[in-house]
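Asks: I have a structure I would like to understand better, so I am pasting it below and will then ask my questions one at a time.
The values are calculated or read from the model by the stated rules, or taken from the named source; none is laboratory data. Bear in mind the structure is a predicted one, so any value in this text is a computation, not a measurement. Backbone-built Cβ (ideal geometry, glycine too); neighbour counts: all protein chains shown. Side chains are part of the model used for accessible areas, which takes the heavy atoms of the whole protein and leaves out ligands, DNA and RNA. Shrake-Rupley method; radii C 1.70, N 1.55, O 1.52, S 1.80 Å.
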Amino acid sequence: GVSEKTTVSIATNQVYQWSEKSMLAISALNSIMQIKMTENIREKLGGTYGARLGLYPSKWPVQTITMSISLGCEPARIEELTNAIWATIDEIIANGPTEIDLKKVKEQMIRSYEVSLENNRTWTSSIKNMYYLDNPFYTLTQYKELVNALTIEEIKTVAQYMKHNEYVRTILLPESAN
């Protein structure tokens, strides 16, 4: 590319067992990982303005889950930052999130859901998902109960979908690196 930074993208894909409980835990895990990526990759290492990590489950046509990671960095820091990302992931797989991070994410999830209920797009999407995917729609009270019931162990269980023994990594180097 023309930019002086390198763009790194990493993806994994594996079989996923769909459940409402795991979907909620994955949503929390995605938020926890954003906190950890910001703390460990951007703030501690100063390696990038932002690193993104997300787990994306798919129910149809087959149940799979994709982990997608992306970041921009200097070409000389690709391996260092990739290894730091793996270490961050491995820490969550082994130990789960901290109580503080889980509490923060629960509060964010509930607030976000509360605000989203005022949006027509949320209602349209919820009706579509109820019809096509058999996803239930939760009242705010039901959602709060489900989110507040999430445990570190449940997050550790879905964190297994972040295992990275098989992955694809693409690297777009700046034109000047050639």
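Asks: Taking the Cα centre as origin and putting +1 on Lys and Arg beta-carbons and -1 on Asp and Glu beta-carbons, what dipole magnitude results for the chain, to the nearest 20 debye?
Replies: 300
Asks: Additional query: Give me the accessible area of Met23, 1.4 Å probe, in Å² rounded to the nearest 10.
Replies: 50
Asks: Continuing with the same structure: Rule-of-thumb check for the chain: C-alpha Rg over 2.2 N^0.38 Å?
Replies: 1.13
Asks: HN-Hα J couplings of the stretch 61-72 from phi, Karplus 6.51/-1.76/1.60, θ = phi - 60°, integer Hz, Gly and Pro as x?
Replies: x, 10, 7, 9, 9, 10, 9, 10, 10, 9, 7, x
Asks: Which net charge results when you count Lys and Arg as +1 and Asp and Glu as -1 among the other residues whose beta-carbon is under 12 Å from that of Ser176?
Replies: So the surrounding residues net to -2.
Asks: Which order do the peptides 50-59, 160-169 come out in when sorted by mean C-beta neighbours inside 10 angstrom, highest first?
Replies: Taking the mean over residues of other Cβ atoms within 10 Å, the ranking is 50-59, 160-169.
Asks: Residues of the chain: accessible area per residue at 1.4 Å, in Å²?
Replies: 58
Asks: Further question: Sequence-distant or interchain residues sharing an amide H contact under 5 Å with Asn135, placed H: which?
Replies: Distant-sequence amide H within range of Asn135: Met130.
Asks: Considering all alpha-carbon pairs of the stretch 73-130, what whole percent are spaced by more than 14 angstrom?
Replies: It works out to 73 percent of all Cα pairs.
Asks: Hey, what number do you get for the chain at 222 nm if only DSSP H runs of n ≥ 4 count, each worth -39500 (n - 2.57), divided across all residues, to the nearest 500?
Replies: About -15500 deg cm²/dmol.
Asks: Same structure again: Ordering Arg42, Arg77, Arg121, Arg111 by how much accessible area each has at a 1.4 Å probe, largest first, what is the list?
Replies: Arg121, Arg111, Arg42, Arg77
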